[in-house]
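The values are calculated or read from the model by the stated rules, or taken from the named source; none is laboratory data. Keep in mind the model is a prediction, meaning the values are calculated, not measured. When we count neighbours, we look across all protein chains shown, and the Cβ atoms used for this are built from the backbone with ideal geometry, even at glycine.
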Amino acid sequence: MNQEVQSTAPPAEGLTELRRSLAGAVITPTNSGYDQARRFFNALVDRRPAAIVRCFGAGDVATAFDFARAQGVEVAVRGGGHNPAGHCVIDGGLVIDLSLMRRVDVDGDARIARSEGGATWLDFDSATQAVGLVTPGGVVGSTGVAGLTFGGGIGHLTAQHGLTCDNLVAAEVVTPDGSVVRAGADGDGELLWGLRGGGGNFGVATRLEFRLHPLERVIGGRLEYAGKGVSEALRRFRDVVAGAPRDFSCGAQLAVDESLEPTLTIAPCYTGPDSDPEELRVLRSAPGLVDDGVGDLAFLGQQHLFNPPYGEDRNYWKSQFVRELPDELIDELLERMVALGRSPGQVLFESLHGAPKDADPNNGAVGFRNAAFNISAMAVWQDPALDQPYIAWARDTVAAMAPWSVSGGYVNYMQADEPIERVRAAFGDETFKRLQALKTRYDPNNVLRRNQNIPPAPG
Ligand SMILES: Cc1cc2nc3c(=O)[nH]c(=O)nc-3n(C[C@H](O)[C@H](O)[C@H](O)COP(=O)(O)OP(=O)(O)OC[C@H]3O[C@@H](n4cnc5c(N)ncnc54)[C@H](O)[C@@H]3O)c2cc1C
């Protein structure tokens, strides 16, 4: 299991000294704004750090690491504050918070974006779209660029341009001993390999460099289905993505409405030359279509299709990569969605067709390229009295996928209670060992353990 050890708070005089030595700020429980600063996406996790260090550059990150080591306090790293496990907050410890470091510079001629370690996708897309360029990122603007990239990254342009981490070409990383290391072809190539999927295990990235692609408009939006047609519409979605070209990404969400009837949202994102692509015609003709919101859209509009509330709902997510999505599994998931008997909550289908399959598997640590879909049971609720049934629903739903499973779950959606075996399975034994060797080199004491942890190789 990931660790839930209570950290010892640093003494007040130490914090005064820390404040003096930083360009950024330190927020402690007595400061106004503390509750806002410790809040993150998932209201299921409520923790009280001893100090939140709002860093302003690589120097501040190194200072925060030095301070934590000297005081013997545990650290957590915060980017966009979206990881459902709550790894970005820690009881009694020190949070290295990157939310002041959100600048994104774009070199349009070289088609490269350089983003600071705390940038969100809204920051990133706004900067790159200003010159008509993109990299494939996440579907919710407030998610952190670095956190998402380091776990893989699946979104509206995955079929076209691959996983987000496939487009990461370099990074500047502050390691727990305070050194600044460059990952990439002109630095440590092995570190770049590890950052492409291996999570925030090796250091704090203060700068990330991405390859960009030209794109301004898409055919996108949402197709909404309801009632009895949902079962057939989900089958259509599966068949369409199985044969779709590289310029057609598509995801789907199964849910229930207030009368507990099943609903399905399909979100296509087409970037090819056809004004009425065949794949879209097939989806539009599926039974149960109640709202057709698909059309010509600015890419930034596509990036606003899903905007869940931040810090209000309790979330428990569990995902499973599957090799196929047979009728039997569709029926099972539909039944379980209805059996949840409550809204909200959903089953998310992310297709991995197209470009992720083209990438050289040796370029990164990602272990799920060969899967057909990532399927996630996402329990979302507000009443703490319902924790048990919602969490049980997510666990049982994922357990039901076991016969079709490949390569464990998606690290980006894991809760903190996932056993290390499932983290290992997400990479495969060989890749996990290689990641452990990298971890031993950059973080031998496992300072960065508040994550989907890769422990150092046993001595
Ligand atoms: C609403 C929502 C939508 C999402 N949508 C998508 C999606 O479309 N596609 C997808 O693939 N995933 C998606 N995710 C999952 C998301 O990518 C992961 O949870 C990711 O870890 C979030 O990163 P963050 O920086 O926002 O989170 P945080 O909680 O701030 O950080 C999570 C962890 O990432 C690491 N980290 C973050 N920044 C850095 C850094 N600069 N250097 C080193 N380590 C760092 C740290 O280990 C940290 O604990 C979504 C999550 C949510 C809640």
Fill in the blank from the handout: Across region 272-311, the tally of residues that are farther than 27 Å from E261 by Cα and part of a loop (DSSP other than H, G, I, E, B) stands at 8
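Conditions tested, residue by residue: (1) away from the ligand (no atom under 16 Å from the Cβ); (2) at pLDDT 95 or above; (3) in a helix (DSSP H, G or I).
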| residue | (1), (2), (3) |
| --- | --- |
| V366 | no, yes, no |
| S376 | no, yes, no |
| A379 | no, yes, no |
| T397 | yes, yes, yes |
| P403 | yes, yes, yes |
| G409 | no, no, no |
| R422 | no, no, yes |
| A426 | no, no, yes |
| R434 | yes, yes, yes |
Practice task
Would you mind telling me which numbered condition in (1) in contact with a Gly (Cβ under 9 Å, 6 or more places away or on another chain); (2) among the small types (G, A, S); (3) within 11 Å of the ligand (Cβ to nearest atom) A85 fails?
Solution key: (1)
Handout entry: Flag if H156 is within 15 Å of the ligand (Cβ to nearest atom) and in contact with a Ser or Thr (Cβ under 9 Å, 6 or more places away or on another chain)
Key = yes
Completion exercise
Log entry, pairs with first residue in region 79-108 being acidic (D, E), second being near the ligand (Cβ under 6 Å from one of its atoms) and part of a loop (DSSP other than H, G, I, E, B), beta carbons closer than 9 Å, six or more apart or on different chains, reads D97/G79; D97/G81; D97/C88
Handout entry: Residue list for region 85-100, restricted to those being among the aliphatic types (A, V, I, L, M), over 12 Å from L448 (Cβ atoms) and part of a strand (DSSP E or B)
Key = L94, V95
Problem - Number of the exception - I219 against (1) touching a Leu at 6+ places or on another chain (Cβ under 9 Å); (2) among the β-branched types (V, I, T); (3) within 11 Å of the ligand (Cβ to nearest atom) - result: (3)
Fill in the blank from the handout: If you go through A76, A64, the only one that is surrounded by 24 or more Cβ atoms within 10 Å (Cβ to Cβ), within 12 Å of the ligand (Cβ to nearest atom) and aliphatic (A, V, I, L, M) is A76
